[in-house]
1. Hey, any hits in region 90-98 for a residue that's crowded, with 22+ Cβ neighbours inside 10 Å, of a type outside the set (Ser, Thr, Tyr) and more than 20 Å from Thr183 (Cβ to Cβ)?
2. Give the number of residues within region 298-319 that are over 12 Å from Ala334 (Cα atoms) and in a loop (DSSP other than H, G, I, E, B).
3. Filter region 42-52 down to the residues that are under 13 Å from Tyr356 (Cβ atoms) and either of a type in the set (Gly, Ala, Ser) or surrounded by fewer than 24 Cβ atoms within 10 Å (Cβ to Cβ) (or both) and list them by number.
4. Wholly within region 334-406, which strands (runs of 3 or more DSSP E) include no fewer than the required count, namely at least 2 residues that are within 16 Å of the ligand (Cβ to nearest atom) and within 26 Å of the chain's Cα centre (by Cα)?
5. Is there any pair linking a residue in region 83-95 that is closer than 18 Å to Phe215 by Cβ to one that is of a type in the set (D, E, K, R) and within 12 Å of the ligand (Cβ to nearest atom), with Cβ under 6 Å and at least six apart or on different chains, and which?
6. May I ask you to say which residue of Glu74, Glu101 is surrounded by 20 or more Cβ atoms within 10 Å (Cβ to Cβ), assigned by TED's automatic domain parsing to the domain that holds Glu253 and modelled with pLDDT of 95 or more?
7. If Tyr223 satisfies every condition in (1) part of a loop (DSSP other than H, G, I, E, B); (2) within 14 Å of the ligand (Cβ to nearest atom); (3) more than 19 Å from the chain's Cα centre (by Cα) but one, which is the exception?
8. With respect to Glu229, determine if the residue is assigned to a helix (DSSP H, G or I), surrounded by fewer than 21 Cβ atoms within 10 Å (Cβ to Cβ) and of a type in the set (Asp, Glu).
Amino acid sequence: MQSKDLLQLAEQFGSPLYVYDAEKIKSQYNRLTKAFSKVEKLRINYAMKALSNVSILQLLRELGSCLDAVSIQEVQLGLHAGYSPDQIFFTPNGVSLEEIEEVHALGVQINIDNLSILEQFGTKHPTVPVCIRINPHVMAGGNENISVGHIDSKFGISVHQLPHLVRIVENTNMNIVGIHMHTGSDILDIEVFLYAAEILFDAARNFKNLEFLDFGSGFKVPYKKDDIETDIEELGKKLSKRFNAFCDEYGKELTLIFEPGKFLVSEAGYFLAKVNVVKQTTSTVFAGIDSGFNHLIRPMFYGSQHHIENISNPKGKERFYSVVGYICETDTFASNRRIQEIAEGDILCFRNAGAYCYSMSSNYNSRYKPAEVLWINGEGHLIRAHETFEDLLKNQIPLPESVVNQ
Ligand SMILES: *Cc1c(COP(=O)(O)O)cnc(C)c1O
């Protein structure tokens, strides 16, 4: 997408605004499937928590993607978007037995990530095909909040508990059809993937009825120019080879599954916000925008990088700015960042705004959430309207007069 298109969309739809480039989602999807073209049965389950607008889900369905859902509401959204139950995987963490049973009743493949629920579910429903989430304890991931494979992680069943796991499966006579792992986000080193894969293969040897192995996600995407990223092509080459060898050994063509979120949508997203005020202090120049961590929390939440451009002045001389929001708390998007000279009213564009941006937004400070636009075939389509005052009041129930006046 070009800056002039983004600027035009900001004018047409107002700011702040999320824009997603359909072409980029498509090219990332094709890149991933191509990298693993040597694997006979490949399945991509888009981790929809990254960005769950129904139009995005439909776009990915057209491309051939399936879904990874982490709540029953995500499952329902997926069904609403036209996915069939067998195209959805349920990979929750720490949800109730009731929720797992409800999702199973919808016909969706469930994935269990702790021994307690496994035993309860297996006892009640011994014939249901179940996938188990293993924690291989591979230390990986961009930072503590998104690294989920380490020894104290709450995710998955520890590989060290495999003997216990196998005993539960034997006692309940459960039907284990898949093994899953997801070691965290922003994994750089493909050796880490391959190492974790071996652990998954080892675990898989304990089960005779498998149909698939799910390697989760965690691919790192570039956040700035010349940033490093997971070498998907190299990973594809090496892991496909190992996977195919494992299938030979296992005696069955298993399905290889990935659950990418960021990889598919991060770079496709742009967040556009207008500069309300340029404020010089004794030590810095602030650019205050018409948004805040209510709309884009990642920089404040886990220090993520979003490259920022002034698309109103693309050829402007670069100066140093701190870009901040309007929330009544520290609300910093970038400190001491080189950006083309900013004037009040300019539109700033945040890159990598496709994943975990809109989906993590809130109404904090009683602000409306932004609109979302999908850029497809050279045209912007509104796929979610800006909120209105009614949205803030929706579900609020006024107290009766008699109680208020007490
Ligand atoms: C969040 C999540 C993913 C997606 O991770 P990305 O880093 O966005 O690719 C995949 N699998 C599971 C189980 C997840 O919770």
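The values are calculated or read from the model by the stated rules, or taken from the named source; none is laboratory data. If you're wondering where the values come from, they're calculated on a predicted model, not measured in any experiment. Glycine gets a Cβ as well: all are built from the backbone with ideal geometry, and neighbour counts include every protein chain shown.
1. Looking through region 90-98, none of the residues is crowded, with 22+ Cβ neighbours inside 10 Å, of a type outside the set (Ser, Thr, Tyr) and more than 20 Å from Thr183 (Cβ to Cβ).
2. Qualifying residue count for the region: 7.
3. Result: Ala47, Lys49, Ala50, Ser52.
4. Correct list: empty, since no element meets the threshold.
5. Phe89/Asp68; Thr91/Asp68; Asn93/Asp113
6. None of the others qualify; the one that does is Glu74.
7. Among (1) part of a loop (DSSP other than H, G, I, E, B); (2) within 14 Å of the ligand (Cβ to nearest atom); (3) more than 19 Å from the chain's Cα centre (by Cα), the lone unmet condition for Tyr223 is (3).
8. no
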